[in-house]
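Below is one structure, written out as structure tokens; the observations come after it.
The values are calculated or read from the model by the stated rules, or taken from the named source; none is laboratory data. Being a predicted model, the structure only gives us computed values, none of them experimental. Cβ placement follows ideal geometry from the backbone for every residue including glycine, while neighbour counts extend to all protein chains displayed.
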Amino acid sequence: MVKFAPFRTPWTQIVKRGTFTVRGVRSRAARKHLSEMRVGDPVLYYHSQQELAVVGVMEVTREA
């Protein structure tokens, strides 16, 4: 699962682009989890702060 504030990267923007690249992750634990993701892994996209809900499902296409 990846989580982002909807005002920074809304799900509708990801759907429109067809891709999403994670950048600027400061948390060491979050970077570790991202590096453990493998091509083909499903990813839940969670909106934090406002909706507090999983709003979409993605698939890893490139490893960190």
Quiz prompt | Test: residue in region 46-60 that is among the β-branched types (Val, Ile, Thr), without any contact (Cβ under 8 Å) to a residue 24 or more places away in the chain, in contact with a strand residue (DSSP E or B) (Cβ under 9 Å, 6 or more places away or on another chain) and part of a loop (DSSP other than H, G, I, E, B) | solution = yes
Quiz item: Counting only residues that are among the aliphatic types (A, V, I, L, M) and under 20 Å from Glu59 (Cβ atoms), which one in region 27-38 is modelled with the highest pLDDT?
Solution: Met37
Self-check item: Candidate set: region 35-64, residues that are surrounded by fewer than 11 Cβ atoms within 10 Å (Cβ to Cβ) and charged (D, E, K, R); chosen: the one nearest to Arg17 (Cα to Cα)
Solution: Glu59
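Restricting the search to region 1-20, which residues are in a loop (DSSP other than H, G, I, E, B), under 20 Å from Gln49 (Cα atoms) and either among the aliphatic types (A, V, I, L, M) or under 12 Å from the mean Cα position of the chain (by Cα) (or both)?
Listed by number, the residues that qualify are Met1, Ala5, Pro6, Arg8, Thr9, Pro10, Phe20.
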Quiz item: Looking at Gly24, is it out of contact with any strand residue (DSSP E or B) (no Cβ under 6 Å at 6 or more places or on another chain), surrounded by fewer than 10 Cβ atoms within 10 Å (Cβ to Cβ), at pLDDT below 90 and among the small types (Gly, Ala, Ser)?
Solution: yes
Quiz item: List, please: which pairs have Cβ atoms under 6 Å, are six or more places apart or on different chains, and start with a residue in region 1-21 that is closer than 15 Å to Val57 by Cβ and at pLDDT below 85 and end with one that is among the polar types (S, T, N, Q) and surrounded by 12 or more Cβ atoms within 10 Å (Cβ to Cβ)?
Solution: Lys3/Ser48
